[in-house]
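> The structure's right below; bear with me while I get my questions together.
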Amino acid sequence: MIRGRTERRQALGVIAALALLLACGRGGEEAARPVAAVALAPEAAVAEVAGAAEVAAPAKTSPEGAAQLAEPGAAPTRGASEARGDIVTIVIGDFDEDLRDAVEAGLEASLPVEIRRGPTWALPKAAYYPPRRRYRADTLIDLLSEAATEDAAPGVRYLGLTSVDISTTKGKHRDWGIFGLAFCPGRGAVISSHRLRKGAKGREHFAFRVTNTAIHEVGHSLGLDHCDEPRCPMQDAEGSIETTDSSEQVLGPGCAAKLAELLEGAAE
Ligand SMILES: [Zn+2]
Ligand SMILES: [Zn+2]
């Protein structure tokens, strides 16, 4: 059967969307899997994986989709927009106050964002995953995104901060413990201090890790993909703490330029 030109163009569009999807999964991450309506709403969930592979009973699949492609190495635009992103921090369950202070100060120092403190939420039962006694990060993001959408401030992002272990589905692993998760771009992101404490050289180093993870996930929610820039917080964690520990909490020139462009575009 011969397809009409329009049909062929549509087919090419689908192929292009799938190529984008595959381009999103980098390094140790599994290639993103398409979900419904993904071609219409290009988004991707990017998980910072950690811990041993664990397979458990079926759980909700993670939100994954196509990413906006970054332009690594793009020259920073001089006098670029001073457009800023609004971030609301939401403690989910518990989160140490000194860590929250560090995260909020670190975000404002590293990204063109303004922080507003939101309320503390009780741990949502809907996100609990009993087989591993973890909370599903994708469900938490759904709730955070919903709250962000209902917020009076346009374009605001909600960042969840929690000390419980959080997880997502990664490849064949139904439930995989992670440091944080975000859509790229998206209105909700979540980080957990649970896995970052292990091996930290003291409280300061622990706070440094938590802050780096927050910068990374908020970067995703603002539309930044992973990069290969040395010590840039947007490097792929690739299942280890290494890039988190080596981050200098300053975006590389490629990511900085891309973010300025994204924020400027959003402000127009
Ligand atoms: Zn990431
Ligand atoms: Zn970068």
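The values are calculated or read from the model by the stated rules, or taken from the named source; none is laboratory data. No experiment lies behind these values; they were computed from the predicted model shown. Positions of Cβ are generated from backbone atoms using ideal geometry, with glycine treated the same way; all protein chains shown enter the neighbour counts.
Quick grid of which residues meet (1) surrounded by 16 or more Cβ atoms within 10 Å (Cβ to Cβ); (2) out of contact with any strand residue (DSSP E or B) (no Cβ under 8 Å at 6 or more places or on another chain):
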residue	(1), (2)
VAL91	yes, no
ALA105	no, yes
ALA109	no, yes
GLU114	no, no
ARG117	no, no
ALA127	yes, no
PRO130	no, yes
ALA137	yes, no
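> Among the numbered conditions (1) within 13 Å of ligand 2 (Cβ to nearest atom); (2) under 20 Å from LEU161 (Cα atoms), tell me where THR243 comes up short.
Only one criterion is unmet by THR243, namely (2).
> Checking the conditions here, which among SER221, SER240, SER192 is at pLDDT below 95 and within 16 Å of ligand 1 (Cβ to nearest atom)?
It is SER240.
> May I ask you to verify whether ASP245 is within 13 Å of ligand 1 (Cβ to nearest atom), farther than 22 Å from GLU114 by Cβ and either surrounded by 18 or more Cβ atoms within 10 Å (Cβ to Cβ) or modelled with pLDDT under 95 (or both)?
No: the conditions fail for ASP245.
> Quick test for you: out of GLU238, GLU204, GLU217, GLU150, pick the one residue that is buried (at least 21 other Cβ atoms within 10 Å of the Cβ), among the acidic types (Asp, Glu) and either free of Cβ contacts under 8 Å to residues at least 40 places away in the same chain or within 16 Å of ligand 2 (Cβ to nearest atom) (or both).
On the way: GLU238 fails: buried (at least 21 other Cβ atoms within 10 Å of the Cβ); GLU204 fails: buried (at least 21 other Cβ atoms within 10 Å of the Cβ); GLU150 fails: buried (at least 21 other Cβ atoms within 10 Å of the Cβ).
Just one listed residue meets the conditions, GLU217.
> Restricting attention to segment 248-259, and to residues there that are crowded, with 20+ Cβ neighbours inside 10 Å and in a loop (DSSP other than H, G, I, E, B), which single residue is nearest to ligand 2 (Cβ to nearest atom)? Break it down into steps so the answer makes sense when it comes.
Here is the first cut: in segment 248-259, the residues crowded, with 20+ Cβ neighbours inside 10 Å are 251-252, 254-259.
Now narrow it down to the ones that are in a loop (DSSP other than H, G, I, E, B): 251-252.
Working: LEU251: 6, GLY252: 4 Å.
This residue is GLY252.
> What strands (runs of 3 or more DSSP E) lie completely within segment 157-239 and have 2 or more residues being under 25 Å from GLU114 (Cβ atoms)?
Numbers: elements: 157-162, 166-170, 173-183, 188-192.
Output list reads 157-162, 173-183, 188-192.
> Look at GLY202 and say whether it is out of contact with any helix residue (DSSP H, G or I) (no Cβ under 8 Å at 6 or more places or on another chain), modelled with pLDDT of 95 or more and either within 12 Å of ligand 1 (Cβ to nearest atom) or not basic (Lys, Arg) (or both).
yes
> Let me ask another. With the structure loaded, tell me whether LEU144 is of a type in the set (A, V, I, L, M, F, W, C) and either within 16 Å of ligand 1 (Cβ to nearest atom) or surrounded by 24 or more Cβ atoms within 10 Å (Cβ to Cβ) (or both) or whether it fails that test.
yes
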